[in-house]
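The values are calculated or read from the model by the stated rules, or taken from the named source; none is laboratory data. Bear in mind the structure is a predicted one, so any value in this text is a computation, not a measurement. All Cβ positions, glycine included, derive from the backbone under ideal geometry; neighbour counts span all protein chains shown. Please note that ligands, DNA and RNA were not included when accessible areas were found on the heavy atoms of the full protein model with its side chains. Shrake-Rupley method; radii C 1.70, N 1.55, O 1.52, S 1.80 Å.
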Amino acid sequence: MGAAMRRIHVGNALSAFGLGFTVPFLYVYVAQVRGLGSMTAGIVLAVFAVAALVVLPFAGRAIVRRGPRPVLLAALVTAAFGALSLGLANSATTVLLSAAALGAGQAVMQPALATMIVDCSTADTRSRAFATQFFLQNLGLGIGGLIGGHIVDTSRASSFTLLFAIEAAMFLLLAVIMSTVRMPHAPKVEGAPQAKGGSWKQLLGNRAMVQLSVLGFVLFFACYGQFESGLSAYGVEAAGISTSALGTAMAANTAMIVVAQFAVLKFVERRKRSRVIAAVGLIWAFAWLTAGYAGLGHGSQTMATAAFVSTYALFGLGEAMLSPTVAPLVADLAPTGMAGQYNSAFALVKQLALAVGPAVGGPMGASLHGPYIVTFLLFSLGITFLAVRLGQQLTPVQNQPSLAKSRVVARGGAPTEPVPVAASS
């Protein structure tokens, strides 16, 4: 791991730590501490998603034209301003404007950091780089949430102001670290598809990328979009899970990722990516069956709680398998110079899924218990089906980079002959 990659990973951990500091307490802060009510708090959470959907279509073009580092620095400054303003805001208008700035900055960070990882890695090191990123993100979120929970006090608004100030400081510290990263200037790859202005039309013409985007939407909709909405509502209403047990389930998810990430990586690196994703669909289908037993199995409360906690752990195992698989595949499908556009497009798909997922899953999980489990069981099986179909669109090296003993990678969506690789520029 080079110096640039080490600093990028430190930056990922710092940004995740800052987010973990505030995100779990945002609703309580707006609704109770500032006394703006549950409706305003709900709108604030929606503003985060809307801000991301507005800026991400433009972020990819900016990364292609300016490079990932300047875009990342601008996003970090914007997020820091939003976080600090949110900590000082005391009216609905200032809270919403601050949340929009924070949400927009956070959204652009994802594809910018992902593109920097692509630029500083090669085809045979990319999976491990993204696995390390995912590991550090979850570790940072967990530690941030743990420390933040001991700092906040709902009776003192100043404790939340301190929380958001620390988050802003983390973003500014990350900006300082990222400004010292020396990005490599990779040579052009002879014979590789070249970017043509970074247009969305070119991206949509890449059949493999379109199929991966559809698959990504289902992945995020059926898993991440349910964690804090439908699945938690189902656990409380159908399975009688206590709030402490719900916290234990979330901790089990993070613990599984932290413990299993690099053990899983060794397994994943030797398999076809499409088959790994298909296996994740089967694991998550079993997770939904386990959740069904927790809420509909009529067993003891202890068994129901154990099954519900196991559901979150199984989701964590699937997440650990996806982190070194999906993000590197997005990079390997991108023509030379288009990694930023492709990363932004995939981040946009993720945000759409995270916006739709709670809206659909929340009401179902709270009241339609049987249909909720069946629906997302079918979505998980759909992941397996879509992954198998995606595999038919990939070249052998795109699907299994370990086949490229001389560091080769196929670029673009349609099957082509492998070409010598260098990090994307």
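Tabulated values for the structure
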item: Subset of segment 372-388 (residues that are open to solvent by 10 Å² or more (accessible area, probe 1.4 Å) and closer than 17 Å to L322 by Cβ); result: F379, L381, G382, T384, F385, L386, V388
item: Subset of segment 16-31 [at pLDDT 80 or above and either among the small types (G, A, S) or surrounded by fewer than 22 Cβ atoms within 10 Å (Cβ to Cβ) (or both)]; result: A16, A31
item: Hits in segment 356-368 - residues which are surrounded by fewer than 19 Cβ atoms within 10 Å (Cβ to Cβ) and in a helix (DSSP H, G or I); result: V356, A359, V360, P363, A366, S367
item: Residues that are over 14 Å from G145 (Cα atoms), among the β-branched types (V, I, T) and under 23 Å from the mean Cα position of the chain (by Cα), drawn from segment 1-48; result: I8, V10, I43, V44, V47
item: Filtered residues of segment 72-94 (kept if surrounded by fewer than 24 Cβ atoms within 10 Å (Cβ to Cβ) and either part of a helix (DSSP H, G or I) or of a type in the set (F, W, Y) (or both)); result: L73, A74, V77, T78, F81, L84, S85, G87, L88, A92, T93, T94
item: Filter result (of a type in the set (A, V, I, L, M), open to solvent by 10 Å² or more (accessible area, probe 1.4 Å), more than 25 Å from G42 (Cα to Cα) and in contact (Cβ under 8 Å) with a residue 24 or more places away in the chain) within segment 228-262; result: A252, A255, M256, V258, A260
item: S98 being crowded, with 21+ Cβ neighbours inside 10 Å, out of contact with any strand residue (DSSP E or B) (no Cβ under 8 Å at 6 or more places or on another chain) and at negative phi; result: yes
item: Residue that is in a helix (DSSP H, G or I), within 15 Å of F164 (Cβ to Cβ) and in contact with a Ser or Thr (Cβ under 7 Å, 6 or more places away or on another chain), where the choices are V44, V30, V23; result: V30
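Each row is one residue, and each column tells you yes or no for (1) modelled with pLDDT of 80 or more; (2) more than 19 Å from P358 (Cα to Cα); (3) in contact with an Asp or Glu (Cβ under 6 Å, 6 or more places away or on another chain).
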residue	(1), (2), (3)
V214	yes, no, no
V236	no, no, no
S242	no, yes, no
T248	yes, yes, no
A255	yes, yes, no
V259	yes, yes, no
V268	yes, yes, no
R271	yes, yes, no
